[in-house]
Structure formats: C-alpha cells, structure tokens
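The values are calculated or read from the model by the stated rules, or taken from the named source; none is laboratory data. It should be emphasised that the depicted structure is a prediction, and the values quoted were computed from it without experimental measurement. Ideal geometry is used to build each Cβ from the backbone, glycine not excepted, and the neighbour counts take in all protein chains shown. Side chains included, ligands, DNA and RNA excluded: accessible areas come from the protein's heavy atoms. Shrake-Rupley method; radii C 1.70, N 1.55, O 1.52, S 1.80 Å.
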Amino acid sequence: MDYYKEIEGKRVHDHRFGKNTMSTLARCIWVPCPVIIGAGPSGLAVAACLKERGIPSLILEKANCIASLWKLKTYDRLRLHLPKQFCELPFMPFPANFPTYPTKTQFVAYLESYKNSFGLDPVFNKTVVSAEFDDQCGFWRIRTLGLKQEETEYVSQWLIVATGENADEVVPRIDGMDDFGGPILHTSSYKSGLLFRGKDVLVVGCGNSGMEVSLDLCNSNARPSLVVRDSVHVLPQEMLGKSTFGLSMWLLKWFPVRLVDRFLLLVSRFMLGDTEKFGLHRPEFGPLELKNRSGKTPVLDVGTLAKIKSGNIKVCLGIKRITHRAVEFVDGKKENFDAIILATGYKSNVPQWLK
C-alpha cells in the first residue's frame, strides 16, 4: 500500500478533507486513483481498461477471491448461457480451445488469467459498509470492515461500483418454513444433485437457475418438482444454427423489438411446442420487450423442457404454505418433499451502502 497515503490517528488540516477533520476510524487511506468496488468480471474489466490508459486503480472486494459469485455460490454443472464471444472481457478473448459455452471451471480460470495478465491486485476481505460523497472536501469516503471488524476508510475523488445485480441472495419468507423439518437452501448453496439422489425435491423459481437445477436433480436420479408462480418465456438456447442471443442482437440492428420478439416466439413455438400445455405460461410482452421493461431475463432451455414434457419434472403452482415435510399449493394440492431449493435469485446490495 506504499502507493497510497495513509493518515492514521491524527487530525488532517487539508483543503481536500475540510477544516480540522478528525477520522474516528482505525485507518484512513488517501487513494489518488479510482476506487473500484467489486472484483468480479466487471470490476476486473474496468481496472484493465484504466490500466491500458496508464491509470492505476484500487479494487476492494468483500470476499477472499475474485469472482466470488462464480467461485463460491454456483452449482457444479453451470456453464455460460451465452456464447463465449459475448462474455469475453476487453483486450483478452477466451482461449480458442474453450467450447462455445465454457464451464464454470473454465470461466473462473479465464478470469484468474485475466487478473494475472493485467497485474491486478485486489484488496480482499473488505466489506463496504458505506460510500458517501463529502461535499465539504469534494471526495468520496468509503468505509469498510475487515475480517476482524477492523474499520478502514478510503478517500478518493473517483468511485466505481462494480458489484453487479447479483450480490445478495433473495430468500423469501414462506408461511410455515420453520416447520418443514428438512433442508431448505438457496441455490447459492446448491452444488450437485447427487446429494439428493432418490429424494423428492421442490425447486422454487423457474428462472434459468431453477430450470437448470431441476434438470441437474433429474439427471442425478432425484424427483424434482418446479414451482412456476409467474409467467415465463422459455426460448431454445440456439435457433437456426445460431445462439438465440446472438441472433436477437443481429436482428435488433435491422428491426424493432416487437418484430424481433414475434420472430423469436414463432421459432420457439416451432422448436419447443406450446409451453402453455405444461404449465409454463408466456408473459403478455415478448421476451426482449419484457427484459427492457422489467429486467426479467428469458429462460434459455438446456434440456429441462424435455424432462417437463416427459413428466420427469413436475410443474406446480405457487405455494400457499409449508408444513412438516410437505407443501400445500394454491390450487389445494398437498405433496410431500424431502428438501426445498430456493431458486429465487439475487439482488443488488448497493442501496444499502451507497449514500
């Protein structure tokens, strides 16, 4: 940290900090370059872009590694849902021998290589508890806590937030959860369906994670049921020999969103059939328009729909309440389960600390 000016246990008489300012923290560090919060793909990419222009940066990361969501909170079978050319970071493509949809292990290895290639050195185990712009001195004050709850304040003219949309798990409170008596876990703690072999498992949530976890459970000889409370767009991962995402981006260069949506739904119905028959009702708006309006991403099918059609994955309506080792649904049906997996997604934590 020799590059940064540390101010510890003393008054600061400086026009940049305001008159006679006293830091009550254990350490106060002046950072003469941008502070980037988050060492995931976006944080690493921003730091690399700055470095290419001769601008250093300081990356703060709450976990003990880069790409903590990918390393610590994803299941074993995960692959990129989009082709690798749409997911590569600036100045460094994926290795040519990587498949079109790299595995979790390959993607993490790519990010490690990216970090090393650009000489990025994040400061780990620093949880940001507040970031506030000080009008008096004209700088950002970024307060952090370390592993032993030690406080450090970083002061910088520039703040870049790169914590993503998936920082904290969304864990809904469902009536009777405490009475279930079996494991209830979020997908961030799910690794493999092998742990649930021979068991009846309820997956709550029908996004990409819920669909893929259900498929993983099915392939591991568990008996999954999938709660589909809301409408959902299910699209094939590829259509007409191209990735659905890539084809959509190309079509949007020439046609309006609603016309592209009509095309996607027409081809999807031809390839996948009528999903309504299996309890997967499509939203009022098309997949791209819905994404623009609400941020809700369509599901790219990687084989789950075939298991639903064959009856190996049961589709259930919303949950009314949970009882001991059983779940009662809004349609009045009640079924027994050994475990519940919450594929209920993530949310940004930025509103909690960015003032």
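Inclusion of Gly54 among residues that are open to solvent by less than 30 Å² (accessible area, probe 1.4 Å), on the phi > 0 side of the Ramachandran plot and not aromatic (Phe, Trp, Tyr) is not warranted. As a summary of the residue check, His81 satisfies the conditions (1) over 22 Å from Leu215 (Cβ atoms); (2) within 16 Å of the chain's Cα centre (by Cα); (3) modelled with pLDDT under 95 except for the one numbered (1). Which condition from (1) among the small types (Gly, Ala, Ser); (2) more than 30 Å from Arg321 (Cα to Cα); (3) in contact with an Asp or Glu (Cβ under 7 Å, 6 or more places away or on another chain) is the one that Gly273 breaks? For Gly273, the exception is condition (3). In summary, Cys206 fulfils each of the numbered conditions (1) under 21 Å from Lys333 (Cβ atoms); (2) open to solvent by 10 Å² or more (accessible area, probe 1.4 Å); (3) touching a His at 6+ places or on another chain (Cβ under 8 Å) with the single exception of condition (3).
Within the group Glu289, Glu328, Glu284, Glu276, which residue is touching a strand residue (DSSP E or B) at 6+ places or on another chain (Cβ under 8 Å) and of a type in the set (Asp, Glu)? Answer to the selection: Glu328.
Number of residues in the range 154-197 that are open to solvent by less than 40 Å² (accessible area, probe 1.4 Å), part of a loop (DSSP other than H, G, I, E, B), in contact with a strand residue (DSSP E or B) (Cβ under 8 Å, 6 or more places away or on another chain) and farther than 30 Å from Asp135 by Cβ equals 5.
Conditions (1) touching a residue at least 40 places away in the same chain (Cβ under 8 Å); (2) acidic (Asp, Glu); (3) assigned to a strand (DSSP E or B); (4) touching a His at 6+ places or on another chain (Cβ under 7 Å), marked per residue:
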| site | (1), (2), (3), (4) |
| --- | --- |
| Asn97 | no, no, no, no |
| Val108 | yes, no, no, no |
| Gly119 | yes, no, no, no |
| Asn125 | yes, no, no, no |
| Ala131 | yes, no, yes, no |
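Restricting attention to the range 315-336, the residues being surrounded by fewer than 19 Cβ atoms within 10 Å (Cβ to Cβ), of a type outside the set (Gly, Ala, Ser) and in a strand (DSSP E or B) number 9.
If you go through the range 317-336 and keep only what is at pLDDT below 95 and under 26 Å from the mean Cα position of the chain (by Cα), you end up with Leu317, Gly318. Given the residues Lys320, Lys355, which is the only one that is outside the structural domain of Gly205 (by the TED database) and in contact with a strand residue (DSSP E or B) (Cβ under 7 Å, 6 or more places away or on another chain)? Just one listed residue meets the conditions, Lys355.
Checking every residue in the range 315-323 against the condition of being of a type outside the set (A, V, I, L, M, F, W, C) and touching a Pro at 6+ places or on another chain (Cβ under 9 Å) gives zero matches.
With the requirement that a residue be surrounded by 18 or more Cβ atoms within 10 Å (Cβ to Cβ) and either in a strand (DSSP E or B) or over 17 Å from the mean Cα position of the chain (by Cα) (or both), what does the range 337-353 give you? Of everything in the range 337-353, those that are surrounded by 18 or more Cβ atoms within 10 Å (Cβ to Cβ) and either in a strand (DSSP E or B) or over 17 Å from the mean Cα position of the chain (by Cα) (or both) turn out to be Phe337, Ala339, Ile340, Ile341, Leu342, Tyr346, Trp353. When restricted to residues that are in a loop (DSSP other than H, G, I, E, B), touching a residue at least 40 places away in the same chain (Cβ under 8 Å) and not β-branched (Val, Ile, Thr), the range 60-86 contains 14. Among residues of the range 168-185 that are over 11 Å from Leu342 (Cβ atoms), those with a beta-carbon under 6 Å from a residue that is open to solvent by 40 Å² or more (accessible area, probe 1.4 Å) at least six positions away or on a different chain give the pairs Asp168/Lys347; Asp175/Arg321; Gly176/Arg321; Asp179/His324; Gly181/His324; Gly181/Arg325; Gly182/Arg325; Gly182/Asp338. The residue that is nearest to the chain's Cα centre (by Cα), among those in the range 126-144 that are open to solvent by 30 Å² or more (accessible area, probe 1.4 Å) and at pLDDT 95 or above, is Thr127.
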